[in-house]
Amino acid sequence: MSKFTGSKKATQFTESVIREMTRLNQMYGGVNLSQGFPDFPAPAVVKEAACAAIQADVNQYAVTWGTRSLREAIAREFGRRYGVTVVADEQVTVCCGATEAMMATMMAIIDPGDEVIIFEPFYENYGPDAILSGATPRYVTLHEPSAPQHSWTFDPDELAAAFNDKTKAIILNTPNNPTGKVFTREELQIIAALCRKWDVIAISDEIYEHIIYDDWSHVPIAAIEGMADRTVTINSLSKTYSVTGWRVGWTISPPSLTGAIRKVHDFLTVGAAAPLQEAGVVALGVPEQYYADLAASYQRRRDMLLDILNRHNFTCYAPDGAYYIMTDIGHFGFPDDVEFARYLVKEVGVAAVPGSSFYRNAAMGRTKLRFCFCKRDETLIEADKRLVKLAVRSTARVH
Ligand SMILES: Cc1ncc(COP(=O)(O)O)c(C=O)c1O
């Protein structure tokens with residue numbers, strides 16, 4: 001066998017479908033509602049802080065596990081908001097985005113043969129994260145809502161059946177990409193009880209913490225009784241401050257796991273961009289009103305895109321958090337989601353993500369398509385105009 005092929009690990013997953021849709025979109029000049037990055041400016045105060053840090057020559061490596069002031073700001077905010085004490089020196093590690101934070105955590109805690117529970121549909125990185133870290137993934141279904149205004153749910157018995165002696169961790173993502181589900185305190189208590197029973201670590205990706213709608217509120221699993229010392233919370237500047245290209249994220253881990261995470265992080269990336277960490281301190285210090293405005297502006301965009309997609313006959317699952325809308329496209333009569341997504345970007349000029357990229361078993365996502373709404377009104381209005389080309393006869397239903 002040629003040595004010039006990818007490793008066994010690298011051949012077990014495909015390139016990111018989300019990033020591929022963005023590239024296709026650039027090729028065809030479409031409206032990009034696929035990859036979740038805002039097309040509007042980041043807060044001025046945060047950008048100014050980054051410029052000031054570069055001008056002040058904060059240009060060399062930061063402390064590997066993160067600038068002290070940023071780690072302290074992360075610890076302070078988590079403690080203040082959720083009542084969980086975090087010691088910056090012992091628990092916070094700044095990484096290159098939540099992406100590296102997740103990878104570093106998995107590589108730090110997984111041994112071959114360890115099982116990791118993942119809810120599906122899932123954010124597409126978790127599959128490759130499991131493969132690269134050597135974990136055996138076990139998937140538990142998030143069932144789509146059967147009635148209007150209901151949320152995606154899991155079956156507690158199905159979840160309980162996924163736990164066993166080999167289970168090392170469970171990956172959670174709330175608010176959830178791609179479903180928009182926000183896990184309730186009761187659901188987190190069920191998960192927490194299983195983690196305690198089987199001595200399992202919760203790895204909780206809370207990157208959409210502040211992007212939450214209606215009467216929902218975010219509950220971190222670390223704040224559930226008995227979970228602070230068995231949870232790695234992952235977050236990032238990317239979504240909250242509209243700076244997905246800055247690549248600054250972090251883990252908050254029990255002190256017993258921090259050393260392992262920091263070692264892996266050090267040899268993966270050395271550290272996140274030093275001047276942008278300085279700007280992160282300013283970002284985490286913005287007034288509380290910023291977060292209320294952020295959620296309100298996304299709720300308005302959510303309603304706008306729901307209206308557009310309903311008018312163009314998509315069946316929509318209204319999200320309670322995060323900035324995506326999962327839709328069902330079965331009635332459009334395309335062979336599958338990938339064909340439909342390709343048609344949409346090439347012929348209609350709107351990019352979305354095929355649902356199968358969120359499932360291990362592609363068949364489960366074959367009638368789904370995910371749109372994002374972290375976009376300016378003009379962008380959403382342009383998508384609306386283009387979607388007129390989509391000739392359909394079916395009738396939409398809102399879930
Ligand atoms: C659930 C989830 N986690 C992590 C990421 C990536 O975060 P970061 O930009 O901080 O690496 C995304 C981006 O879309 C996401 O949706």
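The values are calculated or read from the model by the stated rules, or taken from the named source; none is laboratory data. Just so you know, these numbers come straight off a predicted model, no measurement behind them. Backbone-built Cβ (ideal geometry, glycine too); neighbour counts: all protein chains shown. For accessibility, only protein heavy atoms count, side chains too; no ligands or nucleic acids. Shrake-Rupley method; radii C 1.70, N 1.55, O 1.52, S 1.80 Å.
What a 1.4 Å probe finds exposed on segment 98-194 is 53% carbon and sulfur by accessible area, rounded to a whole percent.
In plain terms, the chain from Asp111 to Thr14 could stretch by 32.6 nm, reckoned as 0.36 nm per residue minus the Cα-Cα distance.
Cross-link partners for Lys197 among the lysines, with Cα-Cα distance under 27 Å and sequence neighbours closer than 8 places in the same chain left out: Lys166, Lys168, Lys181. Mean residue ellipticity, 222 nm, helices only, the chain: the sum of -39500 (n - 2.57) across DSSP H runs of n ≥ 4, divided by residue count and rounded to 500, is -12000 deg cm²/dmol. How would you classify segment 1-135 from its alpha-carbon gyration tensor, with a ≥ b ≥ c the square roots of the eigenvalues: rounded for a/c under 1.5, else prolate if a/b is greater than b/c, otherwise oblate? Taking the square roots of the gyration eigenvalues as a ≥ b ≥ c, segment 1-135 is oblate.
Spin-label model, Leu390/Glu225: points 7 Å from Cα along the beta carbon direction are separated by 4.7 nm.
Run the reach check for Lys389 against lysines, Cα to Cα strictly under 23 Å, same-chain hits fewer than 8 apart removed. What comes back? Answer for Lys389, where 23 Å is the Cα cut-off: Lys346, Lys368, Lys375, listed by chain and number. Taking a ≥ b ≥ c as the square roots of the eigenvalues of the Cα gyration tensor, segment 116-254 is classed as rounded, since a/c falls below 1.5. The stretch between Phe267 and Ala52 holds 74.5 nm of extra length on full extension. This uses 0.36 nm per residue minus the Cα-Cα distance.
Taking amide hydrogens as placed 1.01 Å from N in the peptide plane, the amide H of Thr136 sits under 5 Å from those of Gly113, Asp114, Glu115, Val116, each at least 5 positions away in sequence or on another chain. Straight-distance candidates among the aspartates and glutamates for linking to Lys263, with alpha-carbon spacing under 15 Å and chain neighbours fewer than 8 residues away dropped: Asp89, Glu90, Glu100. Look at the dipole of the chain built from charges on Cβ: of Tyr343, Val84, Val282, the Cα furthest out on the positive end belongs to Tyr343.
Sparse packing (at most 11 other Cβ atoms within 10 Å of the Cβ) combined with a DSSP loop state is found for none of the chymotrypsin sites (Phe, Trp or Tyr not before Pro) in segment 340-371.
Give me the percent of accessible area attributable to carbon and sulfur for segment 1-47, probe 1.4 angstrom. Heavy-atom surface of segment 1-47 belonging to carbon and sulfur, 1.4 Å probe: 60 percent.
Accessible area per residue for the chain is 42 Å², calculated with a 1.4 Å probe on protein heavy atoms, without ligands, DNA or RNA.
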